[in-house]
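Notes follow the structure.
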Amino acid sequence: MITALTFQHAEPLSQVVFVHDYVQFRFQDVVLSVLSRLTVSADGRALKRHDLGFCDALVNLIEKRVTSTDYSEGEHMRLTFADGSIVSVSLRGEDAVGPELFLLDRPGLPTVVGRVA
């Protein structure tokens, strides 16, 4: 489970990497790879992967910290950033690209894998 404690000591978002079928968020040593449907809500707009401005909205989060999280097993994981933007990840199996929904790598701790049930 991902909670606000997961990001409590994490650095601000330092990099967003767009790969063919997933998006990776780097908070220096903490890395969250999202392999499921992803929405970013910023400036009053909710954008999905193929919407105009989606990539820009994610890149605009660089240098911002995660201030809170909301995790609902089988439903969603939401990361709220300091500017009020929200990244929402679907945790529903039908929205995954493969057997994983997300991977969270943190130094010195086991990798957390959200798997399709």
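Every number here is computed from the coordinates shown, using simple stated rules; none is lab data. Worth saying up front: this structure is predicted, and the values here are computed from it rather than measured. No Cβ is skipped: glycine too gets one built from the backbone with ideal geometry, and neighbour counts run over all protein chains shown.
Report, in deg cm²/dmol and to the nearest 500, the calculated mean residue ellipticity at 222 nm for the chain, where each DSSP H run with n ≥ 4 adds -39500 (n - 2.57) and the sum is divided by the residue count.
Taken over the chain, the calculation gives -2000 deg cm²/dmol.
From the list (i) 9.8; (ii) 9.3; (iii) 6.6, can you say which value of mean projected area of the Cα convex hull in nm² was derived from the structure given?
The value matching this structure is (iii).
Is region 77-117 best put as rounded, prolate or oblate by its Cα gyration tensor, with a ≥ b ≥ c the root eigenvalues, rounded for a/c under 1.5, and otherwise prolate when a/b is larger than b/c, oblate when not?
oblate
How do K64, K48 line up, fewest other C-beta atoms within 10 Å first?
By the 10 Å Cβ count, ascending, the order reads K48, K64.
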